[in-house]
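This report refers to the structure that appears directly beneath it.
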Amino acid sequence: MTTRTERGILWGGLTGFAPDRESAPVRYHNGIMLSAEKNRTLTQVGAGTPMGELLRRYWHPIAAVSEFETSPVKPVRLMGEDLVLYRDLSGTHGLIGRHCRHRSADLAYGYVEQCGLRCHYHGWTYNQAGHCIEQPFEEKFDPQGRLKKKIRTVAYPVQAKAGLLWAYLGPAPAPLLPDWEPFSWKNGFVQIVFAEVPCNWLQAQENSIDPVHFEWMHDNWKVRLAGATGPYSATHLKLGFEEFEHGFVYKRVREGSDESDPLWTVGRVCLWPNGFFLGEHFEWRVPIDDENMLSVTWSFIRVPREAEPYEQKSIPSWTSPIRDAEGRWITSHVINQDIVAWVGQGTIADRTKENIGASDRGISLLRKRLFADLDALADGDDPKGLIRDPARNCRVELPNIGRKLYVEGMTLDEYRRHPFWKNLLQDFRWHYGQPAEVRRAFREAMGLKSRQGEMPA
């Protein structure tokens, strides 16, 4: 493991040096020019690694509540740990070690009881705290349960919020699971989309604070994918970045606009430590292990005023394909395009070979803050963005360009005339592969039932 005296780093052309005094705390000096060792520090997520311990201080979305309506047990891999997520017959969720402590049978094939998950091999049963609560045969010969009392498997807290199941893998006491304002919005159609991506979490998260990529990877690439060579989109003229309690805000001015544009006055949010918030949807980059991540999208689309009041009975979830039938990366949708960039950098991006430019200022700020958080953790302090006071965890607002629409709504005719929102009536623009049943439910919620004169699916 890296010693703290090895963690000096070059940033913005200035070198940080560790104090000479042996007793002084040595800092992770911050910057963007990463050595191979610093790159490993930021990308390794296993238990006991610096970044693994940092990320374990936060709640992570790992599944959807609706997944457990049809199957109560799901194997998951999270930050290098093989686990099993379940919902027992009482409705309690648990996240425990994947293998039975008896003879290592796979609990992904276990079955739920009124309380806990039972191993299919010999019936040993574990509750959500990881305690073995039943050993059917052994109890005949050990009625005091001496063996049973000794057995415990790894277990982590799970909470349900906004249709997602969240896990916390860090030390007690756990911080509060953030109650972001959009989770309480009314009259909206929400869906959750997953994609397993074969690359490290950090190169995906760095995308969350990189405004210029929108111009080329989404706007201009879309033109070329359509077979045209132009015209290209408005170029970026100015970038701005501001740190706040829950991450960073990035701002931009493009050709044809000025500093009165909401993209400059409000901006977009790089949500700490591994999220992205664009106003009507969140994205999280959840590490599966060092070489794989789970992309999680939570999307809210306000129904037209004519469809109000609308109450969604169940939040659907689905998995987006990322490769086509020939094995090529899918490029038709926004996050699919992002994925092409992430995996194109390699399983773990080699940041020693980068040539950092002016557009990468946000990247430097993100890396600097990560190293500062590692220092805070080493000193026994909380890292950035944790919420521990319940009074501060009610409908927590984030900078949001579109809040008026999401809260007040608009008519279906206004949707159809809007230069951006009309596109969401035609397709789920973020991810490829929306299932037909989710599309039908969305159309019904939006008042787009198939009838003469209505917009086709």
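The values are calculated or read from the model by the stated rules, or taken from the named source; none is laboratory data. Keep in mind it's a predicted model, so treat the numbers as computed, not measured. Ideal geometry is used to build each Cβ from the backbone, glycine not excepted, and the neighbour counts take in all protein chains shown. What goes into the accessible areas is simple: the full protein's heavy atoms, side chains included, and nothing from ligands, DNA or RNA. Shrake-Rupley method; radii C 1.70, N 1.55, O 1.52, S 1.80 Å.
Each residue of the range 261-274 was assigned a 3J(HN,Hα) from its phi angle through the Karplus curve 6.51 cos²θ - 1.76 cosθ + 1.60 (θ = phi - 60°); the sequence is 5, x, 5, 9, 6, 10, x, 10, 10, 8, 7, 7, x, 9 Hz, with glycine and proline shown as x. Two decimals, Cα atoms only, Kirkwood Rh: what is Rg/Rh over the range 168-294? Reported Rg/Rh, Kirkwood definition of Rh: 1.01. The simple spin-label model puts a point 7 Å past each Cα toward its Cβ; for Lys404 and Glu311 those points are separated by 3.0 nm. Hey, quick one: spin label on Val154, modelled 7 Å out along Cα-Cβ, who in the range 34-48 has an amide N within reach, i.e. under 15 Å? It comes to 45-48, nothing else. Give the distance, in whole Å, between the Cα centre of the range 310-338 and the Cα centre of the range 159-183. For the range 310-338 versus the range 159-183, the Cα centre distance is 24 Å.
The label point for Asp142 and the one for Asp261, both projected 7 Å from the Cα toward the Cβ, are 6.8 nm apart.
Could you tell me whether the range 240-313 comes out rounded, prolate or oblate from its Cα gyration tensor? Rule is a ≥ b ≥ c as square roots of the eigenvalues, rounded for a/c under 1.5, then prolate if a/b exceeds b/c, otherwise oblate. Oblate, since a/c reaches 1.5 and b/c is not below a/b.
Projected label points at Glu242 and Asn423, each 7 Å from Cα along the beta carbon direction, are separated by 2.6 nanometres. In this Cβ point-charge picture (+1 for Lys and Arg, -1 for Asp and Glu), the range 360-435 has a dipole of about 340 debye about its Cα centre.
Residue order by solvent-accessible surface for Glu138, Glu259 is Glu259, Glu138, largest first, with ligands and nucleic acids left out and a 1.4 Å probe.
If you take the beta carbon distance between Lys222 and Thr352 as r and set R0 to 30 Å, what does 1/(1 + (r/R0)^6) give as a FRET efficiency, to the nearest 0.05? Approximately 0.40, to the nearest 0.05. Charge tally around Trp201: other residues with Cβ under 11 Å, Lys/Arg +1 each, Asp/Glu -1 each, net -3. Note that the range 303-359, at 25 °C in a medium of 0.890 mPa s, gets a Stokes-Einstein diffusion coefficient of 159 µm²/s from its Kirkwood radius over C-alpha pairs. The residues packed around Ala376, meaning those with a beta-carbon under 9 Å from its beta-carbon, carry a net charge of -4 if Lys and Arg are +1 and Asp and Glu are -1. List the aspartates and glutamates whose alpha-carbon lies under 15 Å from that of Lys149, not counting same-chain residues fewer than 8 positions away? Qualifying aspartates and glutamates at Cα under 15 Å: Glu134, Glu138, Glu139. Rg/Rh for the range 242-367 (Cα atoms only, Rh after Kirkwood) is 1.00. As a length-normalised measure over Cα pairs under 8 Å and 6 or more apart, the relative contact order of the chain settles at 18 percent. Charge dipole of the range 204-332 (Cα centre as origin; +1 on each Lys and Arg Cβ, -1 on each Asp and Glu Cβ, all else neutral): 380 debye, rounded to the nearest 20. Among the trypsin sites (Lys or Arg not before Pro) found in the range 114-199, those both in a DSSP coil and sparsely packed, with 14 or fewer other Cβ atoms within 10 Å of their Cβ, are Lys186. Oblate is the label for the range 203-254, because the ratio a/c of its alpha-carbon gyration tensor axes (a ≥ b ≥ c) is 1.5 or higher and a/b is not greater than b/c. Between the beta carbons of Ala325 and Ala391, assuming R0 = 51 Å, the FRET efficiency works out to 0.45 to the nearest 0.05.
Every Cα-Cα pair in the chain was counted, and those over 42 Å apart are 21% of them.
Exposed loop sites here mean chymotrypsin sites (Phe, Trp or Tyr not before Pro) with a DSSP loop assignment and at most 12 other beta-carbon atoms within 10 Å; the chain contains its longest site-free run at 138-419. When you filter the trypsin sites (Lys or Arg not before Pro) in the range 264-340 for DSSP loop state and at most 10 other Cβ atoms inside 10 Å of their Cβ, you are left with Lys313, Arg328. Applying 0.36 nm per residue to the separation of His131 and Tyr109 and subtracting their alpha-carbon distance, the gain on full extension is 6.1 nm.
Taking the helices alone, the chain has a mean residue ellipticity at 222 nm of -5000 deg cm²/dmol, built from -39,500 (n - 2.57) per DSSP H run of at least 4 residues and averaged over all its residues.
Whole-Hz Karplus values for the range 61-78 come out as x, 10, 6, 10, 4, 5, 4, 8, 6, 10, 9, x, 10, 9, x, 9, 10, 9 Hz, taken residue by residue from phi with 6.51 cos²θ - 1.76 cosθ + 1.60 and θ = phi - 60°; glycine and proline positions read x. Remark: the chain carries a charge dipole of roughly 480 debye about the Cα centre, counting +1 on each Lys and Arg Cβ and -1 on each Asp and Glu Cβ. Legend note: in the chain, cysteines whose Cβ sits 4.7 Å or more from every other cysteine Cβ are Cys115, Cys132, Cys199, Cys270, Cys394. Treating r as the C-beta distance of Thr70 and Leu176 and R0 as 41 Å, the FRET efficiency rounds to 0.85. Compared with the direct C-alpha span, the chain from Asp382 to Tyr232 gains 49.5 nm at full extension, assuming 0.36 nm per residue.
Taken over the range 332-457, the convex hull of the Cα atoms encloses 210 Å³ per residue. Considering only Ala376, Leu412, Cys394, the residue lying farthest towards the positive end of the dipole of the range 353-431 is Leu412, judged by Cα position with unit charges set on Cβ. Would you check the accessible area of Ser295, probe 1.4 Å, heavy atoms only, in square angstrom rounded to 10? Approximately 0 Å² for this residue. Between the residues Ala162, Gly267, Ser233, the greatest Cα displacement towards the positive end of the dipole of the chain, with unit charges on the Cβ of Lys, Arg, Asp and Glu, is found for Ala162.
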